[in-house]
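All remarks here apply to the structure that follows.
The values are calculated or read from the model by the stated rules, or taken from the named source; none is laboratory data. This one's a predicted model, so the numbers in the text were calculated from it and none came from an experiment. Virtual Cβ from ideal backbone geometry, glycine too; neighbours counted across all protein chains shown.
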Amino acid sequence: MTIERVSQDEMLSSFKERLAGLLEENKKKADEIKQNEITALKLQGAIEALEYYNRPEPEETASHPPDETEE
């Protein structure tokens with residue numbers, strides 16, 4: 001195994017580049033998460049609306065007759 005010798009200036013430069021890259025990657029991922037949360041909320045609202053409008057009608061019974069509008 002060979003040991004690579006790197007100057008402190010080169011290490012510092014390399015570490016700064018890696019840090020900048022990671023911070024940029026984190027920012028992109030945070031933006032992606034925010035967009036996913038927005039989409040998830042929209043989907044949740046659409047699901048709730050569809051479930052509300054597609055629920056089965058209650059059956060007519062003697063205790064719950066249909067509405068009559070004859071006068």
Original post:
Taking only pairs six or more apart or across chains, which ones have beta-carbon atoms under 9 Å, a first residue in region 33-60 that is among the polar types (S, T, N, Q), and a second residue that is surrounded by 10 or more Cβ atoms within 10 Å (Cβ to Cβ)?
Top reply: none
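One line per residue, one yes/no per condition, for (1) touching a Ser or Thr at 6+ places or on another chain (Cβ under 9 Å); (2) of a type in the set (D, E, K, R); (3) surrounded by 10 or more Cβ atoms within 10 Å (Cβ to Cβ):
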site	(1), (2), (3)
Q8	no, no, no
L19	no, no, yes
D31	no, yes, yes
A46	no, no, yes
R55	no, yes, no
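For region 47-69, give me the residue count where each residue is modelled with pLDDT of 70 or more, assigned to a loop (DSSP other than H, G, I, E, B) and among the charged types (D, E, K, R). Please lay out each step first, then the result.
The first filter runs over region 47-69 and keeps only residues modelled with pLDDT of 70 or more, leaving 47-59, 67.
After this cut, where a residue has to be assigned to a loop (DSSP other than H, G, I, E, B) as well, the list is 54-59, 67.
From what is left, the residues that are among the charged types (D, E, K, R) are 55, 57, 59, 67.
Number satisfying all stated conditions: 4.
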